[in-house]
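The values are calculated or read from the model by the stated rules, or taken from the named source; none is laboratory data. No experiment lies behind these values; they were computed from the predicted model shown. Positions of Cβ are generated from backbone atoms using ideal geometry, with glycine treated the same way; all protein chains shown enter the neighbour counts.
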């Protein structure tokens, strides 16, 4: 996704026995499942290539990772056609990666979705790939139905660059300034840190926004999204059916109750639908080629289901 940076760990390795069975947890309890109640948001992963190789990126995006290949405009249009033909009430289309602006069709995809009346959310690092498409993107400026969510890993340059790499701060701030000057609706995404409270982080970002004259309310959780830490090295509990009552969590609030993501795997004959933005690679979690196929319920059979959604209370689609 534009990627939320996480501590470095052996990601995407084989699952432990804790996550081996889609129906039962290691102790034999029925595994929690989430039904698709409505398809509010359809995500498109435009490809895993990225201009950066961020430390600990959960999807391992980089200039060389093409495990998920570029989606085409025609493939996006086919899913939009299915939404219309089947009467789905989808309101939002999201674009993630990798870095979405690496995909040469991205601006055309955005325009197509906007022309069809969808709210559009695109995740980006606002760096050179976005600059290369600035001419086309400028034609979409000033629209309330288009949100550009820019990922910053900290409100300070040093900590941001510790994750994103040297010389990554100034280009990101330049991109934010370009978006600001043209009237784009800007949101910011960051990850929560263990050594800073949410109050401290929001205060730090508020100062940054004032310094750069960015119209972003740091106290608004939709405008400044602080995502939970995702670390495969941490022990996390499996989520059972009884956890909904124990944790007082509504399964309908889970991301997979209201969204799906389209990916195109390298070497595949066509796109496939997966439960959410966090689980792009696990073919066992693939739901089929069409949105109709993907209406089935989802077993919470991955550590990120617990870390990010159930215990973290996060949702990539919030805007």
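Residues checked against (1) closer than 27 Å to residue 137 by Cα; (2) assigned to a helix (DSSP H, G or I); (3) modelled with pLDDT under 95:
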{"position": "172", "(1), (2), (3)": "yes, yes, no"}
{"position": "178", "(1), (2), (3)": "yes, yes, no"}
{"position": "183", "(1), (2), (3)": "yes, no, no"}
{"position": "187", "(1), (2), (3)": "yes, no, no"}
{"position": "193", "(1), (2), (3)": "no, no, yes"}
{"position": "196", "(1), (2), (3)": "no, no, yes"}
{"position": "201", "(1), (2), (3)": "no, yes, no"}
{"position": "204", "(1), (2), (3)": "no, yes, no"}
{"position": "210", "(1), (2), (3)": "yes, yes, no"}
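Scan region 57-90 for residues that are touching a strand residue (DSSP E or B) at 6+ places or on another chain (Cβ under 6 Å) and assigned to a loop (DSSP other than H, G, I, E, B) and report the count.
Selection size over region 57-90: 3.
Among the residues of region 132-183, what is the count of those that are farther than 13 Å from residue 52 by Cα, under 21 Å from the mean Cα position of the chain (by Cα), surrounded by fewer than 20 Cβ atoms within 10 Å (Cβ to Cβ) and in contact (Cβ under 8 Å) with a residue 40 or more places away in the chain?
Residues in region 132-183 being farther than 13 Å from residue 52 by Cα, under 21 Å from the mean Cα position of the chain (by Cα), surrounded by fewer than 20 Cβ atoms within 10 Å (Cβ to Cβ) and in contact (Cβ under 8 Å) with a residue 40 or more places away in the chain: 1 in total.
Please name all residue pairs, on different chains or six or more residues apart, with Cβ atoms under 8 Å, provided the first residue is in region 89-113 and is under 12 Å from residue 148 (Cα atoms) and the second residue is modelled with pLDDT under 95 and surrounded by fewer than 21 Cβ atoms within 10 Å (Cβ to Cβ).
If the second residue must be modelled with pLDDT under 95 and surrounded by fewer than 21 Cβ atoms within 10 Å (Cβ to Cβ), the pairs left are 94/317.
Do we have residue 317 as in contact with a strand residue (DSSP E or B) (Cβ under 6 Å, 6 or more places away or on another chain), assigned to a loop (DSSP other than H, G, I, E, B) and either more than 26 Å from residue 48 (Cβ to Cβ) or modelled with pLDDT under 95 (or both) here?
Yes; evaluated as a whole, the condition is true for this residue.
Could you grab me the full set of residues in region 234-251 that are without any contact (Cβ under 8 Å) to a residue 24 or more places away in the chain, over 13 Å from residue 303 (Cα atoms) and under 24 Å from the mean Cα position of the chain (by Cα)?
The one that is without any contact (Cβ under 8 Å) to a residue 24 or more places away in the chain, over 13 Å from residue 303 (Cα atoms) and under 24 Å from the mean Cα position of the chain (by Cα): 250.
With the requirement that a residue be crowded, with 21+ Cβ neighbours inside 10 Å and either in contact with a strand residue (DSSP E or B) (Cβ under 6 Å, 6 or more places away or on another chain) or modelled with pLDDT of 95 or more (or both), what does region 227-237 give you?
none
Please specify each residue of region 284-301 satisfying the condition of being in contact (Cβ under 8 Å) with a residue 40 or more places away in the chain and in contact with a helix residue (DSSP H, G or I) (Cβ under 6 Å, 6 or more places away or on another chain).
The answer is 291, 298, 301.
Among the residues of region 267-277 satisfying the criterion of being in contact with a strand residue (DSSP E or B) (Cβ under 9 Å, 6 or more places away or on another chain) and modelled with pLDDT under 95, which is nearest to residue 61 (Cα to Cα)?
277
Is it true that residue 267 is out of contact with any helix residue (DSSP H, G or I) (no Cβ under 8 Å at 6 or more places or on another chain) and under 22 Å from residue 45 (Cβ atoms)?
Yes; evaluated as a whole, the condition is true for this residue.
Filter region 252-267 down to the residues that are surrounded by 14 or more Cβ atoms within 10 Å (Cβ to Cβ) and in a loop (DSSP other than H, G, I, E, B), then identify the one that is farthest from the chain's Cα centre (by Cα).
Restricting to residues being surrounded by 14 or more Cβ atoms within 10 Å (Cβ to Cβ) and in a loop (DSSP other than H, G, I, E, B), the top hit is 264.
Counting only residues that are in contact with a strand residue (DSSP E or B) (Cβ under 6 Å, 6 or more places away or on another chain), free of Cβ contacts under 8 Å to residues at least 60 places away in the same chain and not in a loop (DSSP other than H, G, I, E, B), which one in region 114-131 is nearest to residue 279 (Cα to Cα)?
Filtering region 114-131 for residues that are in contact with a strand residue (DSSP E or B) (Cβ under 6 Å, 6 or more places away or on another chain), free of Cβ contacts under 8 Å to residues at least 60 places away in the same chain and not in a loop (DSSP other than H, G, I, E, B), the one nearest to residue 279 (Cα to Cα) comes out as 122.
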